[in-house]
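Down below is the structure, laid out as structure tokens.
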Amino acid sequence: MTGALASSPVWHPFTQHALEPAMKHIVKTEGAWLFDAEGNAILDAISSWWVITHGHRHPLIMEAIRTACDSYDQIIFAEFTHEPAEKLARGLLAVAPAGLAHVFYSDSGSTCVEVALKMALGFFHNTGAPRSRIVVMEDSYHGDTIGTMSAGERGTFNAPYQSLLFSVDRLPFPSPGCEQATLDAFERLCLGGQVAALLVEPLVLGAGGMRMYPAFVLAELKRIAGRHGALLIADEVMTGWGRAGTLFACDQAGIAPDILCTSKGLTGGALPLAATLCSAPVFEAHLSTDRSRMFFHSSSYTANPIACAAALANLAVWENEPVEARIQALQAMHREKLKRFAADDRFSNVRQTGTIAALDLDVPASGYLSDAGPKLRAFFRSRNLLIRPLGNVVYLMPPYGVGEADLDRAYDAIDEAADLFATGAR
Ligand SMILES: *Cc1c(COP(=O)(O)O)cnc(C)c1O
């Protein structure tokens with residue numbers, strides 16, 4: 001038995017406990033930093049799995065949480081409502097792409113995508129013209145529940161559950177020069193008349209390897225969906241809240257999705273909360289004196305008031321602080337620092353969208369389960385850097401306030417890490 005298993009009953013996510021070193025105990029967070037029990041300061045270069053936007057423990061968000069605690073804990077959200085949820089819904093609609101009109105709350109990225117899929121199917125069911133197909137992009141990731149795994153890319157990580165996953169139609173990824181093939185494939189599927197919705201991560205496919213595609217593809221996909229009466233569901237769980245450079249990635253394509261999913265950065269990363277925003281027609285298809293047409297979905301912790309207060313504070317931070325300028329600065333720093341890898345033959349596919357920078361390390365065996373991932377992670381860990389490559393894909397997605405010297409440390413470490421393979425495993 002390993003030390004980790006012997007000493008703790010906790011089963012960690014995406015962790016092979018028989019191989020992992022003991023977990024680091026974090027005792028405090030601040031800004032771009034995690035502080036462990038041994039007194040190390042660890043640079044959180046992936047924003048604690050993409051949730052922390054402004055930095056850990058933003059003072060205004062923490063203060064809003066403390067204040068909300070004086071009035072609320074969880075409140076049942078059927079029959080009852082509360083100010084944090086009401087204000088937040090209005091606030092979200094004010095900043096989201098135009099055309100979204102209603103807000104359904106839940107508590108995680110996976111759940112808000114499940115909600116979106118159910119809304120889309122409910123829309124067609126309730127309007128008397130049921131449609132059965134969901135279309136997604138190759139290499140997409142939408143969560144780890146059965147529904148969202150069905151929509152996501154299939155592989156080792158969901159092989160044990162294959163028998164329960166439902167089938168979806170997949171578009172080829174719009175690689176540079178091949179964008180038209182993606183659009184044509186979508187058009188062909190739509191001609192079948194059964195496409196209820198295209199579920200897509202706008203501009204950046206996150207867990208699928210930080211694959212990036214241009215905004216015009218998203219705009220065209222929306223146009224095709226519109227022509228065929230299919231809905232576009234934008235999974236902005238990762239890309240939202242400035243991650244892709246604009247508040248929502250859809251803003252860069254100038255499109256309004258029919259349904260938009262948001263979670264990770266919604267509270268600035270402080271508390272779990274999610275929202276599925278939808279257009280008026282989607283809501284109205286569920287509006288009827290017939291009870292069988294209501295939207296059959298609820299999470300116990302729907303619209304937790306304290307989490308809603310944190311999200312309201314996040315909106316206030318966006319309104320009152322120079323968040324866009326911080327994003328621009330981080331974007332410019334990535335652009336500059338990535339240059340050193342452009343002609344470096346140890347790397348390929350050097351890329352960036354907004355605050356996300358990624359590059360593929362040339363290793364003997366790539367893919368999510370390649371040895372490169374754990375080996376790189378151990379190296380970064382030894383440097384007190386939290387960087388978790390996706391297989392051989394190394395990426396940086398720090399909180400927006402990260403300092404330049406700190407970011408330099410991360411880039412220097414990536415440079416050095418490449419030599420682990422140049423001199424060793426090869
Ligand atoms: C992380 C993620 C999810 C799932 O969110 P959870 O909160 O982990 O359930 C869904 N979609 C995308 C694009 C994500 O990056």
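Numerical summary
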| read-out | value |
| --- | --- |
| Segment 30-42 - phi-based ³J(HN,Hα) in whole Hz, Karplus 6.51/-1.76/1.60, Gly and Pro as x | 6, x, 8, 10, 10, 10, 9, 5, 8, x, 7, 9, 10 |
| Mean ellipticity per residue at 222 nm, deg cm²/dmol - from DSSP H runs of n ≥ 4 across the chain, formula -39500 (n - 2.57) | -11000 deg cm²/dmol |
| Karplus (6.51, -1.76, 1.60) ³J(HN,Hα), θ = phi - 60°, over segment 175-189, in Hz, Gly and Pro reported as x | 5, x, x, 10, 4, 4, 4, 5, 5, 5, 4, 5, 4, 4, 4 |
| For segment 266-344, diffusion coefficient by Stokes-Einstein and Kirkwood Rh (Cα), 20 °C, 1.002 mPa s, µm²/s | 128 µm²/s |
| Heavy atoms of CYS178: accessible area, 1.4 Å probe, square angstrom to 10 | 70 Å² |
| Average Cα contact separation per residue, segment 208-313, under 8 Å, 6 or more apart, as relative contact order % | 21 percent |
| Karplus-derived HN-Hα couplings along segment 405-414 (A = 6.51, B = -1.76, C = 1.60, θ = phi - 60°), whole Hz, x at Gly and Pro | 5, 5, 5, 4, 4, 5, 5, 4, 5, 5 |
| Cα gyration tensor shape of segment 309-407, rounded if a/c is under 1.5, else prolate or oblate by comparing a/b with b/c | prolate |
| Carbon + sulfur, % of accessible area of segment 59-320 - ligands and nucleic acids excluded, 1.4 Å | 57 percent |
| Hydrodynamic radius by Kirkwood, which averages 1/r over all alpha carbon pairs of segment 78-136, in angstrom | 13.6 Å |
| Taking the chain and dividing mean pair separation by its residue count, relative contact order in percent (alpha carbons under 8 Å, at least six apart) | 22 percent |
| Average accessible area per residue (Å²) across the chain - probe 1.4 Å, nucleic acids and ligands excluded | 44 Å² |
| Bridge type composition, the chain - antiparallel percent by DSSP, nearest 5 | 65 percent |
| Distribution of pairwise C-alpha distances over the chain, 10 Å bins, in % | 4, 21, 31, 27, 13, 3, 0, 0 |
| Global form of segment 19-76, assessed from the alpha-carbon gyration tensor, a/c cut-off 1.5 | prolate |
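The values are calculated or read from the model by the stated rules, or taken from the named source; none is laboratory data. Bear in mind that the values here come from a model prediction, so they are computed numbers and not experimental data. When the accessible area is computed, the model is the full protein with side chains, heavy atoms only, and any ligands, DNA or RNA have been set aside. Shrake-Rupley method; radii C 1.70, N 1.55, O 1.52, S 1.80 Å.
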